[in-house]
Amino acid sequence: MILFDLGLAVLVLGVAAWTIAAREMFSAVVGYVAYGLLLAIVWVRLYAPDVALTEAAIGSGVTGVLLVVASKRLSLLPQADAPPGRGLKRAAAALSVLVAGVLAAAVLTLPDPAPSLAPEADRELAATGLGNAVTAVLIAYRSFDTMLEKVVLVLAVVGVWSVAPDRFWGGRPAPLGPPRPDAALVFLARVLAPIGIVIGVQMFWVGADEPGGAFQGGAILAAMAMIVMMARLTEPPRIDSGRLRLALIAGPAVFLVVGLAGPLMAGSFFAYPAGFAKPLILFIEGFMVLSIAVTLPLLVAGPPSRKGEE
Amino acid sequence: MSVLLGLFSLVAIGAGVFFFVAGTLALLRFPDSLSRLHALTKADNLGLGLVVLGLLPRAGSPLAALKLIVLWAIVQLSSATVAQLIGGALRRQDAAE
Amino acid sequence: MNDVLLTAAGIILMTVAAGLVRVLDGPREVDRMMAVQLLGTGGIAALLLAASATEVAGVENVALGLALLSSFASVAFVTASPGTAKRARAGER
Amino acid sequence: MTPAETTTAGGALLVLAILLPAAGILASFALGGRNAEKIALGSAPLALLIALAILAEVWRSGRPIVYAIAGLSPPLGIALRADGISAAMLVTTALIIPAAGLYARAGFATPPEKRESRKALTFWIMLQAISAALAIVFVSGDLFNLYVALELLTFAAVPLACVEGRAETYAAALRYLLFALFGSIFYLLGCALLYGAFGTLDIALLAERMRPLPAVTAAAALMTAGLLAKTALFPLHIWLPPAHANAPAPASAVLSGLVVKGSFFLTVRLWFYVLPALPAAGFDAILGALGSAAVVFGSVLALRQARLKLLIAYSTIAQIGYLFLIFPLASGLHPWTVDGWNGGMMQVLAHAFAKAAMFLAAGLLYESLGHDKIAKFSGAARAMPMTFLTLGLGGLSLMGLPPSGGFAAKWLLLRASVASGQWFWALVLLAGGLLAAGYVYRILAPALSSHPVVLKAPPRRAGEAIALTLALVAVALGFAPESFFQLIAIGRPGLATAGLP
Amino acid sequence: MSPWIIAGFVGAGLVGLGLYALVVNAQPLRKLLAFNLIGSGVFLVFGIVARRGAVGPFPFDPVPQAMVITGIVVAFAASALAVALMLRFAEETGRVTLDPDVWTKPKPDDGAEDQ
């Protein structure tokens, strides 16, 4: 048991060190993708399947695509900055060792028995009608955070779009794939996407009671949208499309409206009426899945870079 | 779980491990990219297949078992495609050089 | 049994990690992608084994997610490679 | 376990203060085009009303107002709390944001031939996002909720810094983003340790359960380091001048006047509300010393700038430095901490108004002269007297000359440092004032000459009026009545007994 | 030694490694990778806290785990924004740098584009 965990730990740290030491940017990014995979296993060992799923889908999968594409484009350019001097390296190493040491000491001296909200979270679980406590924290106890975080995603989309040249405003982001994609890729997209959509929807649906939920399901759906776009079976949408904008805000907007209606239904903002909580939560989550599934591919696609007429 | 099933799991998983080792050796030892690619995809898919096979008796429910099989099928599909894509990229690069 | 499963997971993980040496020395970008692809498959196998040993509920979902996304980095690599990017530019304009 | 904290009268206002701009963001994005501007400006009076209502309620009840979201009390749920400083900051935000908005109508209107423009949509959405993020920063009682607020602030501020779309603004925005991300991730790391130690991230509960553990000291150090990077305290300031100076004037006004105050406010929350029981006298001195270094360093660099907007941006670094004197001068249970606290908070408000006014004025100068090179300002004061009056009044507050909010702030800080025997901070205050006089003089002196000047465009009267109004508020703060200081003492632990008559 | 203690060292190590890389690497994409390393280290600390909070029948405390999920999504959004800024800057100037003054200096020959 211990050997496995130790080996995994060494591996994670080793790959992380490699992403830093790699001379070429592309190798570093490839190392990072491998690193994300390993982290998912660490999360399983920490009894956090919900997090493992999120890490696998977003931390490794979607982020991997984003970084691979970026490194490919940037590595074509000359690197302007001089390499760091030895003094800077030493100072940085000293600082890093200090921070890591302090952090390790702090973690190891955390009080025993550890404080926990697990019993409280479980006690309130009945009122929500959910079986998955992580989902309950996200959508019920700390729903305010989750709603705001969805607003952050909307801002991220606006931020990414805002770097577009003015003349392309309202147009489409660059295509994700080559003009004549490989037949194999098209085949993969055609077969994988339907399976992935079923799995994504299922993950959202079971998320009320099992590991999974709106984030994970939405991320899987987003990944399927991305592979379909990489195979050029569909194109990134025009950014001024009304339907697109509605899909992007659907999650936070429905969440916000339900939260605002809380005082009428249940006596408090963001409270759910007794006995009606679970359907309402699934209702909100459904829109969140939609928003996440649309937001993540758009964040990867980047700002509009062509007119949308074609 | 019966002793027999347990034994079956062990044998299958053991064989799976063997194929992973073989695949990695191929990746490290084979002389050129294309032959590495060839050996790799075969080995690691067989490896995963055997591990999945070994875990089937331990799956909690029929649905969980089905998920394992679907998973294996997905990996088969993806890795076959990726092998082809990488092969194509190799050809293009070789042509360009 | 759990220890056996974890041992198997450990061996697979260590083996495919050895494959990461390819990521380190290439020599070509394609070799690096292959190593990551192998790590993906091996990682899924190790995850399944470790999960079976740790008895965390619903880990099949995690493995399923990984399986769906295992090809993504490689696909992105192939579609974003300079050759194809140049073709893309030529094709779009 | 303490009895669960429940919602007080007026608590719902706190939720509304956040949800109003949040809903504005979503609606602006969905409806697009000119609607974004209409929604941003249309909701501003409502936001001000809510802020004033919160202020009135805090004042009336004499204690913080609370709202337990979803009816769930901490630790499982999130509580919002507004005390005296929250109310003051909410009102300040609700005044400066619409001022910047009204000023920006000229530059960020959607062109008539277009349905929607990039610059306009981005600006109006991000302006509302800043007001939403700051509202959460000022009223949230939960450290993780505050993390989300910090991220909201980052995602709003960075695109504003590069909304002009020139190459150098992208580099500046990227550097800003990386610093901000570093800041929030270290803040989050501290949150993880605090949760591990006490099982909650609620500020009030943490204060109750606080005991000196290694994890707490580590958390305090990490979170402070992160927040300092976001506040641009020396030596983590290098991202600020290019980001603030290259943004369009109304954005600079908001970024320099308000956004950096958000992370400062959180630093204050952390040290005075979560950790006052922590016996770590060293931290106070370190923060004070960094603040002092910032005052000197920022002012000297401001003196050397050739461009007005860069000068004002460096002056922000110096003025932020003063804020950190609050840590050595207002912590502990001494009689002089009242002065330290009042002075620090007054500096937050006075700088917010003065700096916003000066950036708006700099924008007007740029529009009319076509440049912002200080050396070529000769005679400009005659052509644009209102604008230079604004710069002068804002400068008055930066220098700390009477009558101005800046004077009140520095005077109080000076009194606290003398009363506490910490004469060193008094030297910093005096030196900072002299250096500020130097750079304000550099702006005004050439402009007052009788050199003839040709304006490219006549100054916008409305813009001039808005900038001047903000500068006048900065001056008027110098006349703040005693009741103002009573307000900002409401809900402040340790000071309540000493501060109220 | 239980898994969470090992994970504690991993988390601390990742934060240290990431911090080093953030300071030392000049290239913005490398800095972004470093930020993501620090981020995952921080998330691991949350994971440890959650695992330590196992009480009775509950194998973990769900609250920190939920916070990690929120954090991962925000970190991705941040990466996307940073990448967008980098690519746009590179497109404008033909360079990759964080220094806002460099753009004014003359460009080198753009020979790297065609290989």
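Here D:L46 fulfils each of the conditions (1) aliphatic (A, V, I, L, M); (2) over 22 Å from the mean Cα position of the chain (by Cα); (3) part of a helix (DSSP H, G or I) apart from (2). Number of residues in segment A:257-310 that are open to solvent by 30 Å² or more (accessible area, probe 1.4 Å), assigned to a loop (DSSP other than H, G, I, E, B) and farther than 28 Å from A:R167 by Cα equals 5.
Would segment A:215-236 turn up any residue that is touching a strand residue (DSSP E or B) at 6+ places or on another chain (Cβ under 9 Å), within 14 Å of chain C (Cβ to nearest Cβ) and part of a loop (DSSP other than H, G, I, E, B)? Taking every residue of segment A:215-236 in turn, at least one turns out to be touching a strand residue (DSSP E or B) at 6+ places or on another chain (Cβ under 9 Å), within 14 Å of chain C (Cβ to nearest Cβ) and part of a loop (DSSP other than H, G, I, E, B).
State whether one or more residues within segment A:161-174 are among the polar types (S, T, N, Q) and not in a helix (DSSP H, G or I). Yes, segment A:161-174 contains at least one residue that is among the polar types (S, T, N, Q) and not in a helix (DSSP H, G or I).
Any idea which of C:L48, C:L39, C:L68, C:L64 is more than 7 Å from chain A (Cβ to nearest Cβ), at pLDDT 80 or above and crowded, with 24+ Cβ neighbours inside 10 Å?
Details: C:L39 fails: more than 7 Å from chain A (Cβ to nearest Cβ); C:L68 fails: more than 7 Å from chain A (Cβ to nearest Cβ); C:L64 fails: more than 7 Å from chain A (Cβ to nearest Cβ).
That would be C:L48, the only listed residue that is more than 7 Å from chain A (Cβ to nearest Cβ), at pLDDT 80 or above and crowded, with 24+ Cβ neighbours inside 10 Å.
Looking at segment E:72-82, can you tell me whether even one residue there is more than 23 Å from D:R175 (Cβ to Cβ), in contact (Cβ under 8 Å) with a residue 40 or more places away in the chain and open to solvent by less than 10 Å² (accessible area, probe 1.4 Å)?
No, segment E:72-82 contains no residue that is more than 23 Å from D:R175 (Cβ to Cβ), in contact (Cβ under 8 Å) with a residue 40 or more places away in the chain and open to solvent by less than 10 Å² (accessible area, probe 1.4 Å).
Suppose the filter is more than 7 Å from chain A (Cβ to nearest Cβ) and in contact (Cβ under 8 Å) with a residue 24 or more places away in the chain; does E:I48 pass it? Against the criterion (more than 7 Å from chain A (Cβ to nearest Cβ) and in contact (Cβ under 8 Å) with a residue 24 or more places away in the chain), E:I48 does not qualify.
In this structure, A:V158 does not qualify as of a type in the set (A, V, I, L, M), closer than 18 Å to E:I69 by Cα, open to solvent by less than 10 Å² (accessible area, probe 1.4 Å) and in the same structural domain as A:A247 (by TED's automatic domain parsing). Of the residues making up segment C:3-28, those that are modelled with pLDDT under 75, more than 15 Å from the chain's Cα centre (by Cα) and open to solvent by 20 Å² or more (accessible area, probe 1.4 Å) number 4.
When each of E:L85, E:L81 is tested for being within 7 Å of chain A (Cβ to nearest Cβ), modelled with pLDDT of 95 or more and under 24 Å from the mean Cα position of the chain (by Cα), the lone residue that passes is E:L81.
A quick yes/no check of all residues on (1) open to solvent by less than 40 Å² (accessible area, probe 1.4 Å); (2) within 26 Å of the chain's Cα centre (by Cα):
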position	(1), (2)
A:F4	yes, no
A:F26	yes, yes
A:V29	yes, yes
A:L76	yes, no
A:R86	no, no
A:A92	yes, no
A:L98	no, no
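Annotation for segment D:72-89: no member residue is within 29 Å of D:A465 (Cβ to Cβ) and hydroxyl-bearing (S, T, Y). Tell me, please, whether a residue that is within 14 Å of chain D (Cβ to nearest Cβ), in contact with a helix residue (DSSP H, G or I) (Cβ under 9 Å, 6 or more places away or on another chain), buried (at least 24 other Cβ atoms within 10 Å of the Cβ) and not small (G, A, S) can be found in segment A:178-186. Scanning segment A:178-186, I find no residue that is within 14 Å of chain D (Cβ to nearest Cβ), in contact with a helix residue (DSSP H, G or I) (Cβ under 9 Å, 6 or more places away or on another chain), buried (at least 24 other Cβ atoms within 10 Å of the Cβ) and not small (G, A, S), so the answer is no. Note on segment E:28-59: residues that are open to solvent by less than 20 Å² (accessible area, probe 1.4 Å) and not in a helix (DSSP H, G or I) amount to 1. Per the conditions (1) closer than 27 Å to A:S96 by Cβ; (2) open to solvent by 10 Å² or more (accessible area, probe 1.4 Å); (3) at pLDDT 90 or above, the sole criterion not satisfied by D:L213 is (3). Applying the set (1) more than 23 Å from the chain's Cα centre (by Cα); (2) of a type in the set (A, V, I, L, M, F, W, C); (3) modelled with pLDDT of 85 or more to D:L500 leaves exactly one unmet item: (3).
The values are calculated or read from the model by the stated rules, or taken from the named source; none is laboratory data. None of these values were measured; they are calculated from a predicted model. Ideal geometry is used to build each Cβ from the backbone, glycine not excepted, and the neighbour counts take in all protein chains shown. Accessible surface is based on the protein model in full, side chains and every heavy atom, while ligands, DNA and RNA are left aside. Shrake-Rupley method; radii C 1.70, N 1.55, O 1.52, S 1.80 Å.
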